[in-house]
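Structure, as structure tokens:
Quick note: the coordinates plus some simple rules give every number you see, no bench work behind them. Predicted model, so just to flag it, every value in this text is computed and none were measured. Glycine gets a Cβ as well: all are built from the backbone with ideal geometry, and neighbour counts include every protein chain shown.
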Amino acid sequence: MKIFLVGFMGSGKTHWGQRLAARLGMPFYDLDSLIIEKENLSVADIFAAKGEEFFRFLEKETLEAITDQQESFILSCGGGTPCFFNNIEFMKKNGKVIWLNTSVEVLRQRLQRERMSRPLIAEVSEDELQRYIIRKLSERRMYYQQADVTVSEENTNLDALIRILLQNEQPDRLKEEL
């Protein structure tokens with residue numbers, strides 16, 4: 001089973017991905033971390049030195065490589081991953097896509113604390129952050145909505161996420177665990 005977690009930055013993809021992977025005994029990968037390891041640069045440094053377009057190409061290349069190389073995984077995708085190079089179609093064709101749909105207010109609270117470590121919002125003032133999130137979410141929503149499953153991140157828990165996964169795919173080892 002290949003599970004792709006998508007959603008806006010700060011939506012909880014890494015948090016829930018790590019917990020799901022541990023509970024289900026599956027490998028967990030974070031797409032940004034794979035890129036950082038490959039380039040030996042932080043995402044912010046890649047953006048600064050080589051630009052967003054270069055980063056998005058690396059993102060697509062890394063997404064396809066991990067999908068081809070691994071039989072089963074949970075992958076936390078970057079917030080923009082589904083929005084470029086038909087990545088959403090690729091993910092849907094190769095696994096199950098789950099959109100962690102998180103409210104603007106929760107995103108604002110989380111991202112306000114993390115602004116400097118996130119290259120797309122590092123220069124966005126606290127006053128502008130909510131407007132930025134609303135604008136970017138409206139641009140990306142059409143991609144996120146193509147996910148196989150939409151989950152309200154603030155109202156979910158680990159057992160609910162596992163039940164969602166089992167609705168369409170029921171590998172024997174997962175059925176036995178529950």
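Which far-off residues, 5 or more places away or on another chain, put their amide H under 5 Å from the one on residue 97, with H placed in the peptide plane?
4, 148, 149
Across the stretch 4-53, what fraction of all alpha-carbon pairs, as a whole percent, falls in each successive 5 Å bin from zero upward?
Using 5 Å bins, I get a P(r) of 4, 19, 21, 21, 19, 9, 5, 1 for the stretch 4-53.
Based on the Cα gyration tensor of the stretch 2-165, what are the three equivalent ellipsoid semi-axes, each the root of five times an eigenvalue, rounded to whole Å and given largest first? Numbers along the way, then the final one.
On the way: eigenvalues 105, 80, 41 Å².
Listed largest to smallest, the semi-axes of the stretch 2-165 are 23, 20, 14 Å.
Please turn the phi angles of the stretch 38-55 into ³J(HN,Hα) values with the Karplus equation 6.51 cos²θ - 1.76 cosθ + 1.60 (θ = phi - 60°), one per residue in order, whole Hz, x for glycine and proline.
Per residue, the Karplus-derived 3J(HN,Hα) values read 5, 8, 6, 9, 6, 4, 4, 5, 5, 4, 5, 7, 10, x, 5, 4, 4, 4 Hz.
Please list, in order along the stretch 106-118, the HN-Hα scalar couplings obtained from phi with the Karplus expression 6.51 cos²θ - 1.76 cosθ + 1.60 (θ = phi - 60°), rounded to whole Hz, x for Gly and Pro.
5, 4, 4, 4, 5, 6, 4, 6, 10, 3, 5, 8, 10
Counting other C-beta atoms within 10 Å, and keeping those with at most 15, which DSSP coil GluC sites (Glu not before Pro) do you find in the stretch 95-150? Write down the numbers at each step before the final one.
Numbers: sites: 105, 114, 123, 126, 128, 139; in loops: 123.
Qualifying residues, ordered by number: 123.
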